[in-house]
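The structure appears right after this line, and notes come after that.
The values are calculated or read from the model by the stated rules, or taken from the named source; none is laboratory data. The structure presented is a predicted model; accordingly, all values stated were derived computationally and were not measured. Reconstructed Cβ throughout: ideal geometry from the backbone, glycine too, with neighbour counts over all protein chains shown. With ligands, DNA and RNA removed, areas are computed over all heavy atoms of the protein, side chains included. Shrake-Rupley method; radii C 1.70, N 1.55, O 1.52, S 1.80 Å.
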Amino acid sequence: YWYAMEPLADVDPKRALALGLSAGEKIPILKEYMIRRIGAGDPKKSLSLLVDGLKDAKDDATRLTFLRGMNESLKGRKEVPMPEGWTQVAAELAKGDNLEIRFQSAVVSVSLGDAKAADSLTGMITDEKAALAFRKQAIQTLARLQSPPLVPVLHTLLADAELRADALRALASFDDAKSPAAILAVYEKLSPTERRDALATLCSRVGYAK
């Protein structure tokens, strides 16, 4: 079914999305694949279409599928213009009770250059009441986007046993003169696995390696 549907994403994305949503009622993975496939196209066109689809979604499962698909499509892309209507949709999603939806929505906003959303995710990382999985994903997202405010937070997390490994890996994304000293200061306390992460980061840049 997917091999039959997939080419339509380039020919008529709007119709392809409608078909994916319809087929997804009985075979959910077709809906997920189509949303991700459309998202992989020209972001100026595909993201606006996905935002419209998200706006019309009737249940949380479909909303999550849209948000995850949008996040997948934004990986590896920088300076993607914010699609029309996203600000309003994000504001509505932020009011909901579903934490996963709120988190995925914030990740989309950060990927689209929303500074307030980036600050919100940075705050979540240091919030011990937040779910550990969300905190870890927030680190990965902000590191991937090379968000500067994350660096001092990562230095602080080198003292956090639960997030130390994530912080060590994330520091490789930034060229910060203070990072090598911060890593070496805790090196003796690291587990063998964490030491491998530390060494990988210290080898990631000439300055760090020296």
Checking LYS136, LYS129, LYS116 in turn, the sole residue that is part of a loop (DSSP other than H, G, I, E, B) and free of Cβ contacts under 8 Å to residues at least 60 places away in the same chain turns out to be LYS129
In the set SER73, SER22, the lone residue that is of a type in the set (S, T, N, Q), surrounded by fewer than 20 Cβ atoms within 10 Å (Cβ to Cβ) and either over 22 Å from ALA138 (Cα atoms) or touching a Gly at 6+ places or on another chain (Cβ under 7 Å) (or both) is SER22
Of the residues in region 175-194 that are of a type in the set (D, E, K, R) and open to solvent by 80 Å² or more (accessible area, probe 1.4 Å), the one that is nearest to ALA165 (Cα to Cα) is LYS189
Listed by first then second residue, the pairs whose first member lies in region 46-70 and is crowded, with 24+ Cβ neighbours inside 10 Å, whose partner is hydroxyl-bearing (Ser, Thr, Tyr), with beta carbons under 8 Å and at least 6 positions apart or on separate chains, are LEU47/SER73; LEU50/SER73; LEU67/SER105
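Yes/no per residue for (1) over 23 Å from ARG195 (Cα atoms); (2) crowded, with 19+ Cβ neighbours inside 10 Å:
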| site | (1), (2) |
| --- | --- |
| ILE125 | no, yes |
| GLU128 | yes, no |
| LEU132 | no, no |
| GLN137 | no, yes |
| GLN140 | no, no |
| VAL151 | no, yes |
| THR156 | no, no |
| ALA161 | no, no |
| ARG164 | no, yes |
